[in-house]
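The values are calculated or read from the model by the stated rules, or taken from the named source; none is laboratory data. Since this is a predicted model, take the numbers as computed values, not measurements. Cβ: placed from backbone, ideal geometry, glycine included. Neighbour counts: every protein chain shown.
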Amino acid sequence: MAYCRSMVHDTADSWKVLTSASDIVARRLLGSTLVRVLPGGVRLAGRIVEVEAYDQTDAASHSYRGRTPRTDVMFGPAGHLYVYFTYGMHYCANVVTGAEGHGAGVLIRAVEPLEGLDTMAENRQHRNRSKTHELTNGPAKLCQAFGIDKTWNGHDLRQEPLRLELSQTPLEEDMIVQTPRIGIKQAKDVPWRFYIRENPYVSGYVSRTR
DNA sequence: TGGACGATCCCCT
DNA sequence: GGGGATCGTCCAT
C-alpha cells in the first residue's frame, strides 16, 4: 500500500518537471510516450524522439510578442497542449511548460510509432506502408497521424483520450544530441533542438545521413 | 481592412 | 534542391 502511494506520488512529482524551463523539459520529454485512444478504442502510441524548446524571451517563439488569443494556452498551466495552424494546411503540437503566466513550450517534432501504425498510415494517407519512419518524422506529420488538430488546443495531457506518459528515467546525456532549431529565421543559432542520437525516426534522418 | 508571412510537407525537376 | 499549396494570425494603415 505504501508502495502504491509512493508510485502515485512519484507520478505527480514527475509531472512537476514540466514547470521547469522549456529546454530542461525538452530533454526530459525525449523517450516519453504520447498515447491517443480513438473513439473506436484503437490505441495510437509514439515514443518522442525529437523536440524543440521555445520561450517568451526567445524571438523565435510565438509567445515572444506577448499573450494573444492564439498564444493564450502557452501562458496557461504546464502539461497542456498548444496546437497551432501553419502554412495554411498544417497543425503542430507543443507541450506547454513553465509557470502559469510564463509563455513557453516544447514542440514535438518527431515520434517513433509504437502502436496503431495501420491507423496512422490511414490518417496520413500513406502510400508506401513499408516506410514506417515517414509516418511521424515531422511536427505536422505526427499531428496528422495522431489526428491532432486545433480542437485539441488547451487539452490537459494527463487526461484521456490523449495523454503524455513521462518516461520513468531521463535519457543518458550522451544519448541526446543538441542543435539549432529547424525552419526558423529569428534566433536561429539558439541550440534548442534535441533528439535521440542515431534514431531513424528523427525528422530528415534519411536525407541527412545520405 | 488588407497584406505579408509562417516552428511544413510534398511533388517535381 | 526548389517552389507551390493555402489560410490563420498579426500588424500597419
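Tallying residues that are of a type in the set (Ser, Thr, Tyr), assigned to a loop (DSSP other than H, G, I, E, B) and surrounded by 19 or more Cβ atoms within 10 Å (Cβ to Cβ) within the range A:80-103 yields 1. Residue by residue through the range A:57-79, note down the ones that are part of a loop (DSSP other than H, G, I, E, B), within 14 Å of DNA strand C (Cβ to nearest atom) and either buried (at least 22 other Cβ atoms within 10 Å of the Cβ) or of a type in the set (D, E, K, R) (or both). A:SER61, A:ARG67, A:ARG70, listed by residue number.
A quick yes/no check of all residues on (1) near DNA strand B (Cβ under 7 Å from one of its atoms); (2) closer than 30 Å to A:LYS131 by Cα; (3) touching a residue at least 60 places away in the same chain (Cβ under 8 Å); (4) not aliphatic (A, V, I, L, M):
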| position | (1), (2), (3), (4) |
| --- | --- |
| A:GLY79 | no, no, yes, yes |
| A:GLY98 | no, no, yes, yes |
| A:GLY101 | no, no, no, yes |
| A:ILE108 | no, yes, yes, no |
| A:GLY116 | no, yes, yes, yes |
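Among the residues of the range A:104-132, the ones that are part of a strand (DSSP E or B) and buried (at least 19 other Cβ atoms within 10 Å of the Cβ) come to 10 in all.
Considering only the range A:126-134, I want to know if a residue exists there that is touching a residue at least 40 places away in the same chain (Cβ under 8 Å) and of a type in the set (Val, Ile, Thr). The answer is no; no qualifying residue exists.
The residues of the range A:125-152 that are at pLDDT 95 or above, over 13 Å from the mean Cα position of the chain (by Cα) and of a type outside the set (Gly, Ala, Ser), listed by number, are A:LEU135, A:GLN144, A:ASP149, A:LYS150, A:THR151, A:TRP152. The condition (being of a type outside the set (Ser, Thr, Tyr) and within 10 Å of A:LEU44 (Cβ to Cβ)) is satisfied by just one residue among A:GLY147, A:GLY138: A:GLY147.
Go through the range A:162-208 and give me each residue that's hydrophobic (A, V, I, L, M, F, W, C) and assigned to a loop (DSSP other than H, G, I, E, B).
A:LEU166, A:LEU171, A:ILE182, A:ILE184, A:ALA187, A:VAL190, A:TRP192, A:VAL202
Condition (residue is touching a His at 6+ places or on another chain (Cβ under 9 Å) and either more than 13 Å from A:LEU44 (Cβ to Cβ) or at pLDDT 95 or above (or both)) applied to the range A:159-166: is it met by at least one residue? Yes, the range A:159-166 has at least one match.
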